[in-house]
Amino acid sequence: MTEPAAEGDSEPRDFVKYTLLHLSPEWRRRATHLRHRGSAQLERVLESPPAGAIVRTFSLVGTKADVEMLLWIISPDLDRIQQWHARLFGTEMGGYLETRYSYLGMARRSEYLGEHAHAGQEGGSSQRRPADLPYLFLYPFIKRRDWYGLPFEERRRIMGEHFRIGHKYPSVLIHTAYSFGLDDMEFILSFEAESPGEFLDLVSDLRPTEASRYTQLETPIFTALRVRPKRMIELAEGIP
């Protein structure tokens, strides 16, 4: 079922799903011809997203201890996201994959943009589109409950400082998904960037802001490198 547009919004609202996978070491102990057959089957599923969906694949080999693969799928239809995951886990290699982290959210227009909105800015649309930059940084996010007790105009003022600092890093692109009532977190934040250093500097600059005081949770953090499905599988299998 496709999610209808929100009130006052002519665009359908996208679902955003991040799935982080661990490949069992038992897979690497299988005969070479069996691994080739199984990895090719998984690759075909990854290269065949559902109609109307966007899929991107990333490697976390060497950047996180307990996961090797990151799948990012965007679709207006949650049923198709579910069916695609079922196809993935139904492959031969899927039997050796364990979902260690799973984040589900939806895109929507930000209520805080105000005068900070500009053409093409994230948060100004109910849809999400990857920019296909080399790095993706991902984490779940929860604000303290007293944040929601502040008057709206006060929250908008505080977020204004947040936006102004973000504008100092125009090559770092944020994708915010909202998870209220859908998953355990409130937001899923992912950032595309040309280099890890520019994202590190952005996060460092945001630490002293007033908005940062209202953060309850922003871990675990994942640093992922964008790769094609075949390369993601090879790296997880230990192929340099």
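The values are calculated or read from the model by the stated rules, or taken from the named source; none is laboratory data. Keep in mind that what you see is a predicted model, and the values were worked out from it rather than measured. As a convention, Cβ positions derive from the backbone with ideal geometry for all residues, glycine included, and neighbour counts pool all protein chains shown.
Determine, yes or no, whether residue 203 is surrounded by 12 or more Cβ atoms within 10 Å (Cβ to Cβ), of a type in the set (Val, Ile, Thr) and touching a helix residue (DSSP H, G or I) at 6+ places or on another chain (Cβ under 6 Å). No.
Please tell me if residue 199 is touching a Phe, Trp or Tyr at 6+ places or on another chain (Cβ under 6 Å), at pLDDT 95 or above, in a helix (DSSP H, G or I) and of a type in the set (A, V, I, L, M, F, W, C).
Yes: the conditions hold for residue 199.
As a summary of the residue check, residue 194 satisfies the conditions (1) closer than 26 Å to residue 57 by Cβ; (2) crowded, with 16+ Cβ neighbours inside 10 Å except for the one numbered (2). Of the residues in region 46-66, at least one is on the phi > 0 side of the Ramachandran plot and over 17 Å from the mean Cα position of the chain (by Cα).
Residue-by-condition table, conditions (1) under 19 Å from the mean Cα position of the chain (by Cα); (2) closer than 25 Å to residue 73 by Cα:
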| position | (1), (2) |
| --- | --- |
| 160 | no, no |
| 168 | no, no |
| 172 | yes, yes |
| 190 | yes, yes |
| 202 | yes, no |
| 205 | no, no |
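Table: residues versus (1) surrounded by fewer than 19 Cβ atoms within 10 Å (Cβ to Cβ); (2) of a type in the set (D, E, K, R); (3) in a helix (DSSP H, G or I); (4) out of contact with any strand residue (DSSP E or B) (no Cβ under 6 Å at 6 or more places or on another chain).
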position	(1), (2), (3), (4)
19	no, no, no, no
30	yes, yes, no, yes
38	no, no, yes, yes
58	no, no, no, no
71	no, no, no, no
86	yes, no, yes, yes
94	yes, no, yes, yes
100	yes, yes, no, no
111	yes, yes, no, yes
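Within region 128-144, is even one residue outside any helix (DSSP H, G or I), at pLDDT below 95 and aliphatic (A, V, I, L, M)? No, every residue in region 128-144 fails to be outside any helix (DSSP H, G or I), at pLDDT below 95 and aliphatic (A, V, I, L, M).
Among the residues making up region 216-240, those that are under 19 Å from the mean Cα position of the chain (by Cα) and either polar (S, T, N, Q) or not in a helix (DSSP H, G or I) (or both) are 217, 218, 219, 220, 221, 222, 223, 224, 225, 226, 227, 228.
If you check residue 187 against the conditions, is it in contact with a His (Cβ under 7 Å, 6 or more places away or on another chain), within 18 Å of residue 214 (Cβ to Cβ) and surrounded by 17 or more Cβ atoms within 10 Å (Cβ to Cβ)? So residue 187 does not fit the description; no.
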